[in-house]
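Worksheet: one structure, shown below.
Computed from the coordinates by the stated procedures, all read-outs in this text should not be read as laboratory data. Everything quoted here is computed from the prediction, not taken from an experiment. Note that each Cβ is placed from the backbone with ideal geometry, even for glycine, and that neighbours are counted across all protein chains shown.
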Amino acid sequence: MQLWELFVIAVGLSMDAFAVSICKGLSVQRLRWSHALTAGAWFGAFQALMPLAGWLLGTRFEGLITNVDHWVAFVLLVLIGGNMVKESRGACEALDASFAVRAMLPLAVATSIDALAVGVTFAFLGVDILPAVCFIGCTTFVLSAVGVKVGSVFGARFQSRAELFGGVVLIAMGVKILLEHLGALG
């Protein structure tokens, strides 16, 4: 996988966390840098850990599905992307202003479930996992920290667009992977 492809996937995966960060920014009366850094750390860490866990699972079962790995990657990415597109039509969920563990842990897990499936896909594609998860984690950290600020300044205007963009990106990457394996792309 080339660096630009990894970047596109990292941004696509980060869009759920970005959208939730916008909502967290909306909920804060007085924004501090610690709010943005806390959101970035939680979301970035889980977006890095989940693909690693998915990759570990995928490598265990890789031998069983080698002949259809491109179809598995395609289906997973299209399902995840389609779900993000569907969710983009919803309004910004009401979130409390807390950045405590009890508030952030469930959000970090919920926004990173799709990254688990992408990690499985990475195993089938033979992606070098450590640089990939570091890149995804750092990208999510930055976008989540920015999302908190965007939410406090601009409101919910960008939340649905972020999820829509992320979903479309993941679907496009799934189609690209399938077309490459079918020989339609060089």
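Using 0.36 nm per residue and subtracting the Cα-Cα separation, the extra length available between V153 and L31 on full extension is 43.0 nm. Farthest toward the positive end of the dipole of the chain, out of G58, H35, V72, is the Cα of H35, where the dipole comes from beta carbon charges about the Cα centre.
Rg and Dmax over the alpha-carbon atoms of the chain stand at 16.4, 54 Å.
Residue by residue, region 20-35 carries 3J(HN,Hα) couplings of 5, 5, 4, 5, 5, x, 5, 7, 8, 6, 10, 6, 10, 4, 4, 5 Hz when phi is fed to the Karplus relation 6.51 cos²θ - 1.76 cosθ + 1.60 (θ = phi - 60°); x denotes Gly or Pro. The calculated FRET efficiency for the pair A100 and C134, based on their C-beta separation and a Förster distance of 25 Å, comes to about 0.40. The angle between the Cα long axis of helix 159-182 and the longest principal axis of the Cα atoms of the chain comes to about 10 degrees, rounded to the nearest 10.
Sort 135-143, 49-57, 103-111, 17-25 for me by packing, meaning the mean count of neighbouring Cβ atoms within 10 Å per residue, highest on top. Before the final figure, lay out the partial values.
Values: 135-143: 23.1, 49-57: 20.7, 103-111: 17.3, 17-25: 28.7.
Taking the mean over residues of other Cβ atoms within 10 Å, the ranking is 17-25, 135-143, 49-57, 103-111.
Give the angle, between 0 and 90 degrees and rounded to the nearest 10, that separates the Cα long axis of helix 101-125 from the longest principal axis of the Cα atoms of the chain. So the inclination is approximately 20 degrees.
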